[in-house]
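Worksheet for the structure shown next.
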């Protein structure tokens, strides 16, 4: 079995942990068709009832964004809503291959993309709620495309760039190990040590500081829960929602973020790069922000709804980690967020608070859980990042020093 086949098998057996007679909905860029078909074969070998292929064509999307009638960007097809909701309600597993061109949409009006994203998120609320509550197993992974590889490895041939990106991805997902499944089990054990530390100390807030100018206090709600690596679905088996993953994460209190935070990496959002950006928060709400590139795109993101101006996730990743040590800027949040501590603007995972999955929207809000149509991660980690945890009795405990866990 070659490494591409091993990777496909890993996504099926560990990523979504596909069960016998389960339906798999596999979304893939058309450029990644070879790998998507390999994954479908592995899924059927694992006992899939059916593999439903959903092909994505960024070039066609670009044509639509630049040439279609303006009114369509406020609508979402009913048949597409029924597709997602229908398969979600049959307990299907969802595997998504992300490999977007970081520069493709730079000439697109960000308002069109923002309106389309809002219409899509509104229509798919049922599907998104099930997914973010782990009622369906799901996994996001990536494989190279020429356009993406060119951005990550400029100045070389297309073939060399794609080959280099494949090698980097194999390392991040541990397919370069003799036994990738065993390597993932060992990795989960290491994440469990960090989770135990965070749960033991039950911090009420975290204070961030670094040389970029970040000076931020993040309050954590009572009953918050830390996760990392595998998640558990209602049927009782684990899946890994992101491959790769190096993070442990929870939710902040929606009204408990104060201070200023500077991004440490560019953000690829909807095919547009946002660089040199920062936010100032007061009582959890963004009250000021800036960017050296992509300001209009960032503004459209924040204007999606009120919840988009608040944080929904706080994630800890050591600077000295396998992905960070590659020294590669991937221009793909799936990888870059796992090389850096990060936050997410928008919706929080209900699983990150005790009994959250069974709460109503009003109950979640009362508990400090943020809601939004978006969930967008951005990176804040650095080699000099310090994070201090504050416990209920006021005692301060070092969590990060010089960019890494201080355990």
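Among 280-288, 336-344, 391-399, 230-238, how do they line up from the highest to the lowest mean number of other beta-carbon atoms within 10 Å? Walk me through the intermediate numbers first.
Values: 280-288: 15.2, 336-344: 25.4, 391-399: 11.8, 230-238: 13.4.
The most tightly packed comes first, giving 336-344, 280-288, 230-238, 391-399.
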Along each of the three principal axes of the Cα atoms of segment 358-407, give the extent in whole Å, ordering the values from largest to smallest.
39, 31, 15
If the viscosity is 0.692 mPa s and the temperature 37 °C, what Stokes-Einstein diffusion coefficient in µm²/s follows for segment 3-172 when Rh is the Kirkwood radius over Cα pairs?
189 µm²/s
Run the helix sum for the chain: -39,500 (n - 2.57) per DSSP H stretch of 4+ residues, divided by residue count, reported at 222 nm to the nearest 500 deg cm²/dmol.
-9500 deg cm²/dmol
Kindly provide the Kirkwood hydrodynamic radius of segment 298-407 in Å, to one decimal, from all pairs of distinct alpha carbon atoms.
15.5 Å
Contact order relative to length of segment 3-172, as percent, for alpha carbon pairs under 8 angstrom and 6 or more apart
25 percent
Could you grab the relative contact order for the chain? Cα pairs under 8 Å, six or more apart, rounded to a whole percent.
15 percent
Order these peptides, 99-107, 157-165, 211-219, by their mean beta-carbon neighbour count within 10 angstrom, highest first.
99-107, 211-219, 157-165
When only Cα pairs under 8 Å and 6 or more residues apart are kept, what is the percent relative contact order across segment 190-323?
20 percent
Can you give me the three principal axis dimensions of segment 128-249 from its C-alpha atoms, in Å, biggest first?
52, 44, 31
If packing is taken as the mean number of other Cβ atoms within 10 Å per residue, what is the order of 320-329, 355-364, highest first?
320-329, 355-364
Take the chain, connect every pair of alpha-carbon atoms lying under 10 Å apart with a spring to form a Gaussian network, then pick out the residue of 301, 316, 191 with the largest mean-square fluctuation.
191
In whole angstrom, the spacing between the Cα centers of segment 60-93 and segment 134-172 equals 26 Å
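Determine the percent antiparallel among the DSSP beta bridges restricted to the chain, to the nearest 5. List each step's numbers first, then the result.
Details: 51 of 67 bridges.
Here the share of antiparallel DSSP bridges comes out near 75 percent.
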Using alpha carbon centroids, what distance separates segment 344-370 and segment 253-318, in Å?
20 Å
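Taking every pair of distinct Cα atoms and averaging 1/r, then inverting, what Kirkwood hydrodynamic radius in Å comes out for the chain?
Details: mean 1/r = 0.0462 Å⁻¹.
The Cα-based Kirkwood calculation yields 21.7 Å.
Here, each number is a calculation from the coordinates, and none is a lab measurement. Predicted model, so just to flag it, every value in this text is computed and none were measured. Positions of Cβ are backbone-derived with ideal geometry, glycine not excepted, and every protein chain shown enters the neighbour counts.
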